[in-house]
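S.K.: A single structure is presented below for examination.
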Protein chains: 2
Amino acid sequence: MPDAHHTTRARQRELTRGALVREGRRLFAAEGYAAVGLAEIVRAAGVTKGALYHHFDGKAALFRAVLEVVQQEVAGRVAAAAGAEDDPWAQLTAGCRAFLTAGTDPEVQRIMLLDGPAVLGWNEWRALDEAASARHLTEALAGLTAAGEIPPQPVEPLTRLLSGAMNEAALWLASSHGPTDLDDTWAALSRMLEALRAGPPAR
Amino acid sequence: MPDAHHTTRARQRELTRGALVREGRRLFAAEGYAAVGLAEIVRAAGVTKGALYHHFDGKAALFRAVLEVVQQEVAGRVAAAAGAEDDPWAQLTAGCRAFLTAGTDPEVQRIMLLDGPAVLGWNEWRALDEAASARHLTEALAGLTAAGEIPPQPVEPLTRLLSGAMNEAALWLASSHGPTDLDDTWAALSRMLEALRAGPPAR
DNA sequence: TCCTTTCACATACCGATGGTATGTGAAGTA
DNA sequence: TACTTCACATACCATCGGTATGTGAAAGGA
């Protein structure tokens, strides 16, 4: 029997792996993927490189594990914000707003938005993103089109456009010091979303 | 007198630098920034590492020079498409469409959209982007708001949202094989742009 | 209980890479 | 011609990601 977690070995294993992911996340976020070495990570975690290569296939694999944690956290915040609403449309807007604010966190930025695509490649990054938060966006949009609140159209391009817009906006917000920048950005994004609901304007 | 370009030395200098940028671009685009070594670049260019470090401060500086070339090319295509139109609104849409198609080029993708922000940092990447193509977008939006075609609002957030949407859409298009994906994406983006012109819908 | 196996690491080591310090010969200059 | 400058080439180094192997404690069976 695996006896997961209750044996001495399983407990220690989880502890070591957790420390590696935790310190890896801290250092990757602080200095960036390329700037931090494995020696620094294992020293901070109190282990050696042998432990790291026992748990992960390499530096990129550790980063991938870190990215998964970060994305799950962001997805949790988005889902919580959306879950607090009843109306499907309100759920979409609340989720987008939560994502926008979550993206302003420097840790999220560096790991999820900057290094993520470059280190893992865009396809793998997108697969993780899809599994975490982008899935909610797709489902929300699909539900709204099915309900007739959004004119029928492929949801995939819409998801990518909105996701990219929010990612870039979050990165910009981090390096802009205007007090109204967040509000202005949200106002513009909100107008984009409203335009979806209203459908294409009569010409 | 500098005698720029007409002396033997200046001519040779330009040749060497050009070869480094050209081969660097080819290799960076093909394998990605991290995967290609300086030895490979200088061998392809027919010089040595001494030449590279004579012209550039390091690997990142060479990449920066490559990125500038790529961004100028994209900006040229966007400006050409926009310049073919007379109406300011048609210029905006034509420019956006040109940018979207330009972004599907694998070379542009890898260098400008994937490695660019991660290698140089988002702030420096954005400064280059602003100097090249994003400036046109900002000016077009500013002109349209001044002309009353777009409701008055800060143009900076709008620029970032649209720029991010197009960047992400271009990356997605590269790895999607649906024949109508490009058309669908452009249709969705076009609706977003139209929504700007129409202004916020009555609620 | 004793022996064996497995596992979760630690230790030692290697090739490759970005970067630097220095040498060199031709092009420019007085 | 003598001297200086420049555009590289050569030689070298520290560090990094990755690997191969060793090791001692925990798990499992008799």
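Residue-by-condition table, conditions (1) within 10 Å of chain A (Cβ to nearest Cβ); (2) open to solvent by 50 Å² or more (accessible area, probe 1.4 Å):
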residue	(1), (2)
B:110	yes, yes
B:123	yes, yes
B:133	no, no
B:146	no, yes
B:155	yes, no
B:160	yes, no
B:185	yes, no
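Per-residue answers, yes or no, for (1) more than 16 Å from DNA strand D (Cβ to nearest atom); (2) in contact (Cβ under 8 Å) with a residue 40 or more places away in the chain:
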residue	(1), (2)
B:20	no, yes
B:31	no, no
B:37	no, no
B:40	no, no
B:44	no, no
B:48	no, no
B:60	no, yes
B:67	yes, yes
B:83	yes, no
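S.K.: Looking at A:129, A:105, can you tell me which residue is touching a residue at least 40 places away in the same chain (Cβ under 8 Å) and charged (D, E, K, R)? So that I can check it myself, show each step before the final result.
M.R.: Numbers: A:105 fails: touching a residue at least 40 places away in the same chain (Cβ under 8 Å).
Just a single option satisfies the conditions, and that option is A:129.
S.K.: Quick check on this structure: which one of B:39, B:35, B:30 is over 21 Å from residue B:113 (Cα atoms) and either loosely packed, with under 15 Cβ neighbours inside 10 Å or more than 13 Å from DNA strand C (Cβ to nearest atom) (or both)? Quick ask: steps written out before the conclusion?
M.R.: Values: B:35 fails: over 21 Å from residue B:113 (Cα atoms); B:30 fails: over 21 Å from residue B:113 (Cα atoms).
None of the others qualify; the one that does is B:39.
S.K.: Tally up the residues in segment A:163-175 that are under 23 Å from residue B:191 (Cα atoms) and either basic (Lys, Arg) or more than 7 Å from every other protein chain (Cβ to nearest Cβ) (or both), please.
M.R.: Count: 2.
S.K.: Of the residues that make up segment B:65-73, is at least one farther than 30 Å from residue B:148 by Cβ and among the acidic types (Asp, Glu)?
M.R.: For segment B:65-73, residues farther than 30 Å from residue B:148 by Cβ and among the acidic types (Asp, Glu): present.
The values are calculated or read from the model by the stated rules, or taken from the named source; none is laboratory data. Because the structure is a prediction, the values reported are computed rather than measured. Here the Cβ is made from the backbone with ideal geometry for all residues, glycine too, and neighbour counts use every protein chain on show. Protein only, heavy atoms only, side chains kept; ligands, DNA and RNA dropped before computing areas. Shrake-Rupley method; radii C 1.70, N 1.55, O 1.52, S 1.80 Å.
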